[in-house]
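Have a look at the structure below, then the notes.
The values are calculated or read from the model by the stated rules, or taken from the named source; none is laboratory data. Predicted, not measured: the structure shown is a model, and the values here were computed from it. Every residue, glycine as well, gets a Cβ built from its backbone with ideal geometry; the counts of neighbours run over all protein chains shown. For accessibility, only protein heavy atoms count, side chains too; no ligands or nucleic acids. Shrake-Rupley method; radii C 1.70, N 1.55, O 1.52, S 1.80 Å.
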Amino acid sequence: VFEGYNACLLAYGQTGSGKTHTMMGNLTANEAGVIPRLCAHLFARIEAMKALRPYSFKVEAMYCEIYNEKVRDLLCGKGKGANLKIRQSGKLGTVVEGLSGHCVNDMEGVVRLINRGNDRRSTASTDLNNQSSRSHAVFTLNFSQTKISAKDNEEVQTKEITSKIYLVDLAGSERIKLSGVRGAQLEEAKKINLSLTTLGRVIESLVEASGRKTVEAPYRESALTWMLRNSFGGNSKTIMIATISPSATSMDETMNTLRYASRTKKVVNKAVVNVKEEVKRMADLEFEIEDIQKQLEGVPSELLEKEAQIGSLTEQLRFHEHLIAELQNKTESVRKQWEISDQEKEQQLAQETLARERLQSQYEELYYKNVHQNEEVNRLEEELREKERALKTLILKEPASPDPKVIAELEEVLHLEQVKSAELAAQVEDLVESLQATTPKLIELTAALDTKERELAQVDSELQSRTEEKDQLQEELERTKAEWNS
């Protein structure tokens, strides 16, 4: 137990052969049985170890009975702890769900719990035993010991070992004819024999499995075998006490008990030390730290030089990281400025293009208007010349007999032609003035168009320069990153 193994001690035999007396004894008559003696030795060993080693101990006791295949807590009050369930719980194996645990620090506490449980245990009188146990009693001790180490004036848990001890007083196997039980006691005897038979089948299966046969043990067919699963073929060191009767009438039962014990000796368990993984890992790490510290005490000077080189490289790494960060910030700032500048340039370019198109439209309009006016002037001049030639022709003709009426008509026509000539001359002057006013504007528009074209060329040149500068910064950043990675 103190080494960290689980244990199981059970008494098996026919009814009236002394199982309960062997396990419990008579505490009032100073005839202690196995359970009180074991607990007394346990606490004596604990006190001796406390004086010699830095350990802390914890003992938890539980007491239950299996009556008619139902688990009942013997340390609870009336109406409580009945019909408890047995569950499978990973590394803990099988546990009784809801079974109360009581911490005990000395032998007196154990005796009080045993007496309280025995008072509630199911017993009855038969023809073979005046106080026959009608249930299987299981007294369980959960024992843990923790090693305490002092480090920097603080207590640290470095190792914890746990053990689970089953102390089982089995109900006796009995023949109905010999025990003379009837009614409820007959049903109790049937359940007792059934559970013991199942235990025998489990033992037989485990014996066959040890011969490399694949056999499934029927643990779940009985509450007793399901609770003690780890004790038979599992993680436990198990001891069976076989009790027999000296009576000649019990010869058959005695032989059955001995055969039962003989088969049980062939069962192979796989007991391992129960150490908490977290605490075990902590202890392993402490040993590793001690080994590393011993190795570090003899570090050669080369390692110290390497550490200095590592420190220098670390500083260089930090410098390059800082430089890259600055370049990234600068690149980001320039990129944002370029984005703003590019947007402004694009807006300006769009405005200049729109203005250029508007000026081009005005120029074309004035140009076509000028051409039209020139054509109109030429037409009017030609018409004026035709009128003058016609007038001269009329004046130069010598009529045979001048007619005053004709002369009046000619004078009137001449007057109309003069008025028309004056109007045409006025229109020509207006067109000339319009041409004179339009010509400077055309010259101004042409100059503005030339200016805009030069500005557009300058903007294109600036954009190309910015693009080349951006590509250079990007190449520099990539080169710096490559140097840093190498």
For this session: Keeping to segment 40-62, report how many residues are touching a Phe, Trp or Tyr at 6+ places or on another chain (Cβ under 9 Å), surrounded by fewer than 17 Cβ atoms within 10 Å (Cβ to Cβ) and modelled with pLDDT of 90 or more.
Result: 3
Problem set entry | Candidate set from segment 91-108 (those that are under 23 Å from Lys50 (Cβ atoms) and in contact with a helix residue (DSSP H, G or I) (Cβ under 9 Å, 6 or more places away or on another chain)); member that is surrounded by the most Cβ atoms within 10 Å (Cβ to Cβ) | Val104
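Okay, residues lined up against (1) hydroxyl-bearing (Ser, Thr, Tyr); (2) under 40 Å from the mean Cα position of the chain (by Cα); (3) modelled with pLDDT of 90 or more:
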{"position": "Ser173", "(1), (2), (3)": "yes, no, no"}
{"position": "Arg182", "(1), (2), (3)": "no, no, no"}
{"position": "Glu208", "(1), (2), (3)": "no, no, no"}
{"position": "Met227", "(1), (2), (3)": "no, yes, yes"}
{"position": "Gly233", "(1), (2), (3)": "no, yes, no"}
{"position": "Thr243", "(1), (2), (3)": "yes, no, yes"}
{"position": "Pro246", "(1), (2), (3)": "no, no, no"}
Exercise. Quick check: is even one residue across segment 25-33 open to solvent by 20 Å² or more (accessible area, probe 1.4 Å) and at positive phi?
Worked result: yes
For this session: Note down all Cβ pairs under 9 Å where the first residue falls in segment 452-470 and is among the hydroxyl-bearing types (Ser, Thr, Tyr) and open to solvent by less than 80 Å² (accessible area, probe 1.4 Å), the second is assigned to a helix (DSSP H, G or I) and modelled with pLDDT under 75, and they're at least six residues apart or on different chains.
Result: Thr467/Trp338
Exercise. How many of the residues in segment 231-253 are closer than 19 Å to Arg263 by Cβ, open to solvent by 90 Å² or more (accessible area, probe 1.4 Å) and assigned to a loop (DSSP other than H, G, I, E, B)?
Worked result: 0
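Considering only residues of segment 366-383 that are of a type in the set (D, E, K, R) and at pLDDT below 75, which is farthest from the chain's Cα centre (by Cα)?
Taking segment 366-383 as the starting set, the residues that turn out to be of a type in the set (D, E, K, R) are 369, 375-376, 379, 381-383.
Checking which are at pLDDT below 75 leaves us with 369, 376, 381, 383.
On the way: Lys369: 82, Glu376: 92, Glu381: 100, Glu383: 102 Å.
In this case the residue turns out to be Glu383.
Considering only segment 41-144, give the strands (runs of 3 or more DSSP E) lying wholly within it that have at least 2 residues that are among the hydroxyl-bearing types (Ser, Thr, Tyr).
In segment 41-144, 55-67 are the strands (runs of 3 or more DSSP E) which contain 2 or more residues that are among the hydroxyl-bearing types (Ser, Thr, Tyr).
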Seminar exercise, completed: The condition from (1) at pLDDT below 75; (2) assigned to a helix (DSSP H, G or I); (3) open to solvent by less than 100 Å² (accessible area, probe 1.4 Å) that Pro399 misses is numbered (2)
